[in-house]
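Shown next, in structure tokens, is the structure this report addresses.
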Amino acid sequence: MRCAVWCVTGMLILTGSVFAQNPVAPPADPMASRLDVLLKAWEDRMKNTSTLYTECTRTEINKTFNTTEVFTGQARYMKPNLARLDLLKKDDPNNYEKYVCTGTYLYEYRPKNKLVRIHDMPKGNGNAVADNASMSFIFGMKADEAKQRFQLTLRKEDNFWIYVDILPKYPADKQEFTKAQMVFYASPASNAMLPRRLWFEHPNGDEIMWEFNTIQTNVQLERNDFVAPSAPKDWQVVRANAQAPQAQPNPGPGRSVMPMGDARPENGIPNRPLGPKP
């Protein structure tokens, strides 16, 4: 299954130990220093966000079959680990997707297959949402965690947008995407350091892009929003083995189970065009 929804940031990985052994420190990289500042601002913004609601679009480009699918819908999030995603395929109201993370389980609804798949969420980190690459990008993670998990580069910053290129470091993430880019709001101030677009390229060349058309933080959400609906009578309910054994030290983040994305970075945002694809 494709991986999904939520935050990114960071850079400077193992350079600290290398520089410590070098008697002459290299000149500071102003872009890396600026990225650290932005990552901390992003972390602080999400730290002060208890709930989040956004309207979103996911566009999937299949290079093998030369097809494009567009889904629109809403995403909801409540700390510490509750999430819900409702998507409807454009021009096909009978084709929808629903994902409900209750904190303990992730329920995946597939009406086309009349199937509900139940995933056990990772245990031990206190936040199942954070283990999902795209969900982490959208909903935020600590700056140090982002720098450890991904190689991040500040591509560009202007009055409206902040562009951060993302490369996976761990094998599990490399199975999901080869490169990605997150675009944050720089303006208006009310949206600063919230995600506007998240683009992924899969190992097979397919592209997925999320666009977050409106984002509201600290809005009133109900706990019942994150209760998994009962499956229709003629649907099959199966348990999925979503978490791999953690036998090896530092194995990297587990494979995510939410859907990952939409649209291409070169696609513009109305009145404020975005930059080129990574």
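Every number here is computed from the coordinates shown, using simple stated rules; none is lab data. What you see is a predicted model, and the numbers here were worked out from it, not measured in a lab. Cβ coordinates were reconstructed from backbone atoms using ideal geometry, including for glycine residues, and neighbour counts include every protein chain displayed.
Of note:
- Using a simple spin-label model with pseudo-atoms 7 Å out from Cα toward Cβ, residue 204 and residue 233 lie 3.7 nm apart.
- Cross-link table 79/179; 89/179; 90/112; 89/169, entries beyond 22 Å C-alpha to C-alpha: 79/179; 89/179; 89/169
- Taken one residue at a time, the phi angles of segment 151-163 give Karplus couplings (6.51, -1.76, 1.60, θ = phi - 60°) of 8, 10, 9, 6, 7, 6, 9, 9, 5, 10, 9, 10, 10 Hz. Gly and Pro are set to x.
- Extension gain for residue 32 to residue 160 (0.36 nm times residue separation, less C-alpha to C-alpha distance): 44.1 nm.
- In terms of packing, defined here as the mean over residues of other Cβ atoms within 10 angstrom, the peptides 216-222, 205-211 line up highest first as 205-211, 216-222.
- As a rough guide to protection, the peptides 85-92, 224-231 ranked by mean Cβ packing within 10 Å, highest first, stand as 85-92, 224-231.
- Packing here is the average count of other Cβ atoms within 10 Å per residue, and on that basis the peptides 110-116, 150-156, highest first, run 150-156, 110-116.
- Within straight-line cross-link reach of residue 63, aspartates and glutamates at Cα separation under 15 Å, skipping those fewer than 8 residues along the same chain: 201, 206, 207, 262
- Estimated inter-spin distance, residue 67 and residue 169, nm [label 7 Å along Cα→Cβ]: 3.7
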